[in-house]
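K.L.:
Attaching a single structure in structure tokens format; questions to follow.
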């Protein structure tokens, strides 16, 4: 089974309001991402919350996900991935989880077809990491094999998961895609206007 972890623990300081709740079409960013993931082969969806976790959870409690609270969210993105992995190690029989698909809440354009293609290629290739590339630029989501969980748990918070990716270049499958959304990261109001067309 591949478990999806949507990381939504940050303070959204540059945006000025929670990115998870920003509207895109008829839904919020987090709803759009979860809606997309529900159409894929992922077996379970975790949403990692941190800053104002209780308030945010109350607004998205209707979503068919498991919430994980990251109390160390100020340490950066890797701390949320660590919280998700620790949750899996406590809650799931390890042999049922083959890998974790990591997605960021500020990347709202997620293609279910691409996610399924990534999962298929993960199992076919037996690579430790699978990630999409758009016009040569790496994007999200990223699949990490469970064989890397211990390494991710030990990685430096300052350097983040990138250090693990760099250490396994030969065991990384880069999937070229025509989906520009894999590289669209919406951190500011200007980026929101540009990609979503709203104020």
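Quick note: the coordinates plus some simple rules give every number you see, no bench work behind them. Computed from a predicted model, the values in this text were never measured in an experiment. Neighbour counts run over all protein chains shown; Cβ positions are idealised from the backbone, glycine included.
K.L.:
Counting each pair of different Cα atoms once, what's the Kirkwood radius of the stretch 75-184 in Å, rounded to one decimal?
P.N.:
14.3 Å
K.L.:
Just to be sure I understand: of the beta bridges DSSP finds with both ends in the chain, what percent are antiparallel, rounded to 5?
P.N.:
Around 30 percent of the beta bridges assigned by DSSP in the chain are antiparallel ones.
K.L.:
Note down the nm distance, to one decimal, between modelled labels 7 Å out along Cα→Cβ at residue 1 and at residue 154.
P.N.:
With each label placed 7 Å out from Cα toward Cβ, I get 2.7 nm.
K.L.:
How much length, in nm to one decimal, is gained on full extension between residue 188 and residue 26, taken as 0.36 nm per residue of separation minus their Cα-Cα distance?
P.N.:
Numbers: separation 162, 0.36 × 162 = 58.32 nm, distance 2.04 nm.
Gain in length upon complete extension: 56.3 nm.
K.L.:
Go ahead and set up a Gaussian network model of the chain, Cα springs under 10 Å, then flag whichever of 104, 152, 63 fluctuates most.
P.N.:
Maximum fluctuation in the GNM of the chain, among the listed residues, is at 63.
K.L.:
If you don't mind, there's one more thing I want to ask. Measure of size requested: the Rg and Dmax of the chain, with Cα atoms as the atom set and Å as the unit; please supply both.
P.N.:
My reading of the Cα-based Rg and Dmax gives 15.7, 46 Å.
K.L.:
Using only alpha carbon pairs under 8 Å that are at least six residues apart, calculate the relative contact order of the stretch 11-161 and give it in whole percent.
P.N.:
23 percent
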